[in-house]
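In what follows, a structure is listed as C-alpha cells, so that the remarks can point back to it.
The values are calculated or read from the model by the stated rules, or taken from the named source; none is laboratory data. The model shown is predicted, which means the values in this text are computed figures rather than measured ones. Here the Cβ is made from the backbone with ideal geometry for all residues, glycine too, and neighbour counts use every protein chain on show. Calculation scope for accessible area: heavy atoms of the full protein, side chains included, ligands and nucleic acids excluded. Shrake-Rupley method; radii C 1.70, N 1.55, O 1.52, S 1.80 Å.
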Amino acid sequence: MMELKQKGENALIDVSKPLTVTMKWTTAADFDLAGAYETKDGKQGLVYFGDKGDLKKFPYMSLSEDKGVGDTGGDNEEVMHINGLSDVSHVWIFCWDYGMVQKGKSARFKDSDVKLSITDDAGSKISVEIDTGESGNVCCIATIDNSSSEGAKFINYSQVGTLSGLKRLEQLMDIVRQFVI
C-alpha cells in the first residue's frame, strides 16, 4: 500500500479498470463521501447521498450508502465504485459533515481520523489522510486527474472550505479552485 501523506503528493493509477474508493473514520460525525466529476468536454456532475450514481451507465460511478452519523467504534465507512473514466478528465473526492454544512459551521476534520483509499481490481491500494490544519465543513480529500496523455494521477488534494448549505455543484468547485501546493 502506498500512502500520499502530504498535500500535492500523487501516484499514477490505472483508470481503465474498476476502482473502489473507501472513506473510513471513527469520529462521531455525519461525514459523507461524494465525487464531483468533469468530462473531457466540460460537463460536470456529482455523485453523493442524494444521487448515488449508476455503475452501468454514465457517470459509471456509484455510492454504496449514506452511513449517517458515525460512532467511535471504528466501523464507519462509505464506499464509491468507479467502473470507467475514459470520458472523464477529473474526479474530485469530497468529504463533508452534513450537519455542519447545513449550519454553516466548521466540522472537526482536524480532530478526526478520516482516511481515504483507492483500490484497483488487482488489489493495489493508495491511501490519503487529510493534510490540512484549516477549519471548514467540506474537504476535497483527493482528485483523480485523467486529463494527461501520460496517464491518470491520484493526488492528495486536502483542500478545505466552509459552506452554508449545499445547493449548487459550483459551491464545491469553488473549493477545488482554491487548491495550492
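Summary table below
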item: Label point 7 Å beyond Cα of T162 along Cβ direction - residues of the stretch 104-131 with amide nitrogen under 15 Å; result: 104-110
item: Accessible heavy-atom area order of E3, E150, highest first, probe of 1.4 Å; result: E150, E3
item: Karplus (6.51, -1.76, 1.60) ³J(HN,Hα), θ = phi - 60°, over the stretch 5-16, in Hz, Gly and Pro reported as x; result: 7, 10, 3, x, 5, 8, 8, 6, 9, 9, 8, 7
item: Helix-only CD estimate at 222 nm, as mean residue ellipticity for the chain, using -39500 (n - 2.57) per DSSP H run (n ≥ 4); result: -2000 deg cm²/dmol
item: Neighbourhood net charge (11 Å Cβ-Cβ; Lys/Arg +1, Asp/Glu -1) for W96; result: -3
item: Stokes-Einstein translational diffusion, the stretch 47-175 - Kirkwood Rh over all Cα pairs, 0.890 mPa s, 25 °C, in µm²/s; result: 156
item: In nm, spacing of pseudo-spin labels at T26 and K153 (7 Å Cα→C-beta vector); result: 3.3
item: Calculated from backbone phi, Karplus (6.51, -1.76, 1.60) coupling profile of the stretch 22-36 in Hz, x at Gly/Pro; result: 10, 10, 10, 7, 10, 5, 7, 9, 8, 6, 10, 9, 8, x, 8
item: Gaussian network model of the chain, springs between alpha carbon atoms under 10 Å - residue of A28, A36, A142 with greatest fluctuation; result: A28
item: Sum of side-chain charges, F154 neighbourhood, beta-carbon under 11 Å (Lys, Arg +1; Asp, Glu -1); result: -2
item: Enclosed volume per residue, in Å³, of the convex hull spanned by Cα atoms of the stretch 1-119; result: 125
item: Kirkwood-type radius of the stretch 71-115, with distances r between different C-alpha atoms, in Å; result: 13.5
item: Whole-Hz couplings from phi, Karplus 6.51/-1.76/1.60, listed for the stretch 161-167; x for Gly and Pro; result: x, 10, 10, 10, x, 10, 10
